[in-house]
Amino acid sequence: MKCHKCGATAVIQMRQHRLQLCGVHFVEWVSTTTQRAIETYQMFAPADRVLVAVSGGKDSLSLWDLLLNLGYQAEGLYLSLGIDEGIGYSAKSLEMCQKFVADHHPAAQLHVVDVGAEYGQTIPVLARTRRRGQAKPCAVCGLVKRHIMNRVARDGGFAAIATGHNVDDEAAVLMQNTLHWQTGYLARQAPVLDERPPSPAASGPACEGDLREACGTRGGLARKVKPFVRLYEREAAAYALIRGLDYIYDECPFAKGSTTNFYKELLNQLELTSPGAKQQFYLQFLRARDAGRVTFAEGGDLVLQPCARCGQPTTAGGLCAFCRLWE
Ligand code: Q46
Ligand code: ZN
Ligand code: ZN
């Protein structure tokens, strides 16, 4: 199998693009594809500071590596969730992020927020005490992660939060939303979620209690971007391998048996017989919706108000869902 660009031995075949490449040309192709996505969707500009949410996995570390190599001012944010489950998941994943910096980008800045140390309870403990009866802590975890990421991005003056979501992730979510006709989600699913500025009333919320340090003084919702939306999961893994990035192979133990993984497997079955099916499904959806050929109702305008405690936007009056968790 030969590289289509230089004739050297190819290390990867991408059937959906009818393309096979050697290591050097594959890294170049990933860079170009990602840069094009950043420009097409106007994610951020070269002068912007970007906060990359890193988990120690292949997608987020590959994204951080690539953005730094492309010359972007990308800083990492790792949230230590306190998940052990007999495999030391959180400890290992933090180690991978620190190793990435030490081995590949010693000048890069990694911000670490330890949820247990900073807020008093780890995610599994918080989920157990707050949502009794639910087997997995994912709902609580998602809520906490969104809140802290937004706080760090707003307080640090970052132009955007970048996540390592790829075609596989987005197509699986799209399939799930389509099968359930979740029109509100279908209206919002996008490679870029625009910033929402703070409402004028958010300028001076009273900070109280133990969460004073979490106060979102800048208010509003940070811009969120997904520069890998045109990359398959296996391509992010191949990139990490070729670049020599160590990453945590284990998924979060609570991800096992998740609905998203189920849809990913279904789409992979489809991809076997129809190369490119995942990509077509997702990208054609974006094209059709953004051109107005299909429309989905958002379910009314979301009115965001500042949380009375932390100042972050919430659709409910009073305390936001994050602050209510700690009540
Ligand atoms: S939500 Fe659930 Fe993830 Fe949190 S508990 Fe693990 S699987 S990390 S993306
Ligand atoms: Zn080549
Ligand atoms: Zn709040």
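The values are calculated or read from the model by the stated rules, or taken from the named source; none is laboratory data. In this text, all values refer to a predicted model and were calculated from it rather than measured experimentally. Using ideal geometry, Cβ is built from the backbone for each residue, glycine included, and neighbour counts are taken over all protein chains shown. When the accessible area is computed, the model is the full protein with side chains, heavy atoms only, and any ligands, DNA or RNA have been set aside. Shrake-Rupley method; radii C 1.70, N 1.55, O 1.52, S 1.80 Å.
Only residues that are in contact with a helix residue (DSSP H, G or I) (Cβ under 8 Å, 6 or more places away or on another chain) and away from ligand 1 (no atom under 16 Å from the Cβ): list them for the range 74-132, please.
Residues satisfying the conditions are A74, G76, F100, H104, H105, A108, L110, H111, E118, G120.
Taking the condition within 24 Å of the chain's Cα centre (by Cα), more than 29 Å from T129 (Cα to Cα) and modelled with pLDDT under 90, does F281 pass?
Criteria not met by F281.
Determine the pairs where a residue that is under 24 Å from K224 (Cα atoms) and of a type in the set (G, A, S), located within the range 23-43, has a partner that is at pLDDT 95 or above and open to solvent by less than 40 Å² (accessible area, probe 1.4 Å) with Cβ atoms under 9 Å apart, the partner being 6 or more residues away or on another chain.
Once the first residue is under 24 Å from K224 (Cα atoms) and of a type in the set (G, A, S) and sits in the range 23-43, its partners that are at pLDDT 95 or above and open to solvent by less than 40 Å² (accessible area, probe 1.4 Å) give S31/L66; A37/M43; A37/P191; A37/K226; A37/P227; A37/F228; A37/V229; A37/L231.
Would you say G71 is within 21 Å of E233 (Cβ to Cβ), away from ligand 1 (no atom under 14 Å from the Cβ) and not in a helix (DSSP H, G or I)?
No, not satisfied.
Which of the residues spanning the range 242-265 are open to solvent by 50 Å² or more (accessible area, probe 1.4 Å) and either away from ligand 2 (no atom under 16 Å from the Cβ) or in a loop (DSSP other than H, G, I, E, B) (or both)?
D246, Y249, D250, E251, K256, G257, T259, F262, E265
Being within 28 Å of L283 (Cβ to Cβ) and modelled with pLDDT of 85 or more is the filter; apply it to the range 294-314 and report the residue that is nearest to ligand 3 (Cβ to nearest atom).
F296
With respect to the numbered conditions (1) over 16 Å from the mean Cα position of the chain (by Cα); (2) in a helix (DSSP H, G or I), which one is the sole condition not fulfilled by Q13?
Every condition holds for Q13 apart from (2).
Given the conditions (1) away from ligand 3 (no atom under 16 Å from the Cβ); (2) assigned to a loop (DSSP other than H, G, I, E, B), report the number of the one that N268 does not fulfil.
Tallying (1) away from ligand 3 (no atom under 16 Å from the Cβ); (2) assigned to a loop (DSSP other than H, G, I, E, B), N268 fails exactly one: (2).
Return a yes/no flag: does the range 74-83 have any residue that is of a type in the set (V, I, T), assigned to a loop (DSSP other than H, G, I, E, B) and under 17 Å from the mean Cα position of the chain (by Cα).
Within the range 74-83, not a single residue is of a type in the set (V, I, T), assigned to a loop (DSSP other than H, G, I, E, B) and under 17 Å from the mean Cα position of the chain (by Cα).
Exactly one of these conditions fails for G317: (1) within 16 Å of ligand 3 (Cβ to nearest atom); (2) touching a residue at least 24 places away in the same chain (Cβ under 8 Å). Give me its number.
Every listed condition holds for G317 apart from (2).
For the range 132-168, give me each residue that is β-branched (V, I, T), more than 15 Å from C252 (Cα to Cα) and open to solvent by less than 10 Å² (accessible area, probe 1.4 Å). Outline the logic, then answer.
From the range 132-168, those β-branched (V, I, T) are 140, 144, 148, 152, 161, 163, 167; that's our starting set.
Pick out the ones that are also more than 15 Å from C252 (Cα to Cα) and you get 144, 148, 152, 161, 163, 167.
Residues satisfying the conditions are V144, I148, I161, V167.
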